[in-house]
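The values are calculated or read from the model by the stated rules, or taken from the named source; none is laboratory data. Values in this document were obtained by computation on a predicted structure and should not be read as measured data. Cβ: placed from backbone, ideal geometry, glycine included. Neighbour counts: every protein chain shown. For the accessible areas, the whole protein counts, side chains as well, though only heavy atoms, and no ligand, DNA or RNA atoms are used. Shrake-Rupley method; radii C 1.70, N 1.55, O 1.52, S 1.80 Å.
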Amino acid sequence: MFCNQCEQAAKGTGCADFGICGKDEDVQSLQETLLYGLKGMAAYAHHARRLGQVDEAVDAFVEEALFATMTNVNFDVPTLIELVLECGKQNLRVMQMLDQAHVGRYGQPEVTEVATGTQARPGILITGHDLLDLEHLLAQVEGTDVMVYTHGEMLPGHMYPRLRSHPNLAGHFGGAWQLQKSQFEDFGGAILATTNCVLIPREAYRDRLFTTRVTAVPGATRLKADDFSAVVRRARELGALPERVGPKVPVGFHHSVILNAAPAILEAVGKGDVTRFFLIGGCDGAEPGRNYFSDYAKLAPESAFVLTLGCGKFRLMDHDYGTLLGLPRLLDMGQCNDAYGAIQVAAGLAQALNCGVNDLPLTIVLSWFEQKAVAVLLTLLHLGVRNIAVGPAAPAFLSPNVFKVLQDAYGLKLIGANAAEDMAAVLA
Ligand code: SF4
Ligand code: SF4
C-alpha cells in the first residue's frame, strides 16, 4: 500500500505497508477501489449531465463515498465492501441515465454498416465518448465540404439515426485508443478529442489536435466551450484528405435491438441451435496478453453469439465470425457505458427463460484498462453476477485478501494463460 493523504504520512513522504493511523492494505485497497469506481462513474455522469440527466441520489452518494475515504473515518472492511458495491449500484443508475439520454436525443438505435476510410475533402476526426460534442461538431460543419469521421469509442454514434443521418458524418477511421499516435498522424486532418483515452501527441499532429473541457494534452488546443470553429478552420487549412476506401463495419446492436430479436433467439436456445452467449469486451490496450481476448472470441463455437462493447471490440472485429439466425455472430453493443445494455439483455433473457442471470448459458470476459471498467465491474458485482473473468492482469489496487473476498463471494477470477484451455473448460 501507499498513502500520503494526511500530515502523518510516514517520514513525511507516505505510509507503506501500514498506516500511522492504523490503516492496513485491505482498507487502503477498498478505499482505492471505491475511488477508482467513483472516477469511472463520474465520467459517465458528466456525459449524462451534459445531456440533461442528473440524479440527486447519485450526487449524494459521491459525496458520502469520498467522505468515507478521508483520514480517520472508516477502517472497517465490511462497511467499505458495502460502499464499493453501492458504487456499482449507483453506476448502474448513471449508465441507465446515459442510455436514456442517448436514445431520447438521438433516436432508437438501428443496425447499420459504417463506411471506413476517408473522402477527398477536408476532414475532422472526432474521438472519445462524448456524443454531444459530435452533435455540436456536425451542426457546425453543416453546409460545408468538411466531413466528420468517428474514431475509437465514437463509432457507436453511427447507430443513432439523428447522428447517422447528418450529411457530413462520412464514416469511421481507426481503431482503439492505443493506436492513436500512428492513426492520428496518418489521418492528416484536424482531430477533436472529447474525453479519455487521449495520449500525449506526437509533434507530427500536435498542431491539428484539439481537446474539449477537462481533456487536455501538451501542445494541443483546449476548447472550453462548444465553439468548434477553430477545428473547422484547421481542417480547411489542411485541405483535402486522400481518398481511402476501407471495409464497412456493422454497428447498432443496442440492447433494444437484441431484445427485439429475443423470441427467435429464445426459440433457437430451446432447440439447441444457440448454445451460449459470450460477452467479451471492455477496454483495449497495448499489452501483448490482450491477444487472449481475440483468440478466445475466435474459439467460441458457431452456435454461440459473441457480444462486445467498448474499444476492446476493435481487436475482435478483425475476424469474420459469420452469422447465426441471420444476425452477425459478433454483436457490437456500443461504448463501454453500453455495458448497461448487456445487463438489460442478460436480465431480459433470464426473465424469459424463468431463471437467474447466473443460470444463463452466458460467459463474461472483461478486458479492463482504466477506471470506467472498474465502475462497470462493480456494477456487475452489485447485481450478483458470478464467475466473471477479468484480464489481462489483476487490478494492482486489489490486495490479495480483497481479491480473495471477491473470489469467494462472486467467483471473480483472472483470465487464464491459454485461451483454448479456458474455452474448453467453459464448453465442458
Ligand atoms: S491517512 Fe493514514 S495511511 Fe494515509 S498518510 Fe495518513 S496516516 Fe498514513
Ligand atoms: S473502453 Fe476504456 S480504454 Fe477503451 S476508450 Fe473507452 S474508456 Fe478508454
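For segment 321-428, please list each of the strands (runs of 3 or more DSSP E) lying entirely inside it that holds at least 2 residues being of a type in the set (Gly, Ala, Ser).
On the way: elements: 330-332, 362-367, 389-391.
Per the criteria, 389-391.
Scanning segment 7-27 for residues that are within 16 Å of ligand 2 (Cβ to nearest atom), modelled with pLDDT of 95 or more and over 18 Å from PHE397 (Cβ atoms) turns up nothing. Taking only segment 258-299 into account, find how many residues are under 24 Å from GLN371 (Cα atoms), open to solvent by 20 Å² or more (accessible area, probe 1.4 Å) and part of a strand (DSSP E or B). So the count comes out to 1. Screening the candidates THR211, THR150 for the property of being open to solvent by less than 10 Å² (accessible area, probe 1.4 Å), touching a residue at least 24 places away in the same chain (Cβ under 8 Å) and not small (Gly, Ala, Ser) yields one hit, THR150.
The single condition among (1) within 30 Å of HIS47 (Cα to Cα); (2) free of Cβ contacts under 8 Å to residues at least 60 places away in the same chain; (3) open to solvent by 30 Å² or more (accessible area, probe 1.4 Å) that ASP320 does not meet is (1). Only residues that are buried (at least 22 other Cβ atoms within 10 Å of the Cβ) and over 22 Å from GLY117 (Cα atoms) were counted across segment 180-201, and they come to 1. Return yes or no: is PHE397 of a type outside the set (Gly, Ala, Ser) and within 16 Å of ligand 1 (Cβ to nearest atom)? Yes.
For ALA204, are the conditions met, namely being more than 26 Å from GLY252 (Cβ to Cβ), surrounded by fewer than 24 Cβ atoms within 10 Å (Cβ to Cβ) and either of a type in the set (A, V, I, L, M, F, W, C) or without any contact (Cβ under 8 Å) to a residue 12 or more places away in the chain (or both)? Before you say what the answer is, go through the steps one by one.
Numbers: more than 26 Å from GLY252 (Cβ to Cβ): yes; surrounded by fewer than 24 Cβ atoms within 10 Å (Cβ to Cβ): yes; either of a type in the set (A, V, I, L, M, F, W, C) or without any contact (Cβ under 8 Å) to a residue 12 or more places away in the chain (or both): yes.
Here the answer is yes, as ALA204 does meet what is asked.
What number of residues within segment 48-105 are aliphatic (A, V, I, L, M), open to solvent by 60 Å² or more (accessible area, probe 1.4 Å) and in contact with a helix residue (DSSP H, G or I) (Cβ under 6 Å, 6 or more places away or on another chain)?
Our first condition is that a residue be aliphatic (A, V, I, L, M); within segment 48-105, this holds for 48, 51, 54, 57-58, 60, 62, 65-66, 68, 70, 73, 77, 80-81, 83-85, 92, 94-95, 97-98, 101, 103.
Now drop any that are not open to solvent by 60 Å² or more (accessible area, probe 1.4 Å), which leaves 54, 66, 70, 73.
Next, from what is left, pick out any that are in contact with a helix residue (DSSP H, G or I) (Cβ under 6 Å, 6 or more places away or on another chain): none.
Result for segment 48-105: 0.
Screening segment 35-141 for helices (runs of 4 or more DSSP H) wholly inside it with 3 or more residues that are away from ligand 1 (no atom under 16 Å from the Cβ), under 20 Å from the mean Cα position of the chain (by Cα) and farther than 23 Å from GLY171 by Cα returns the ranges 77-106.
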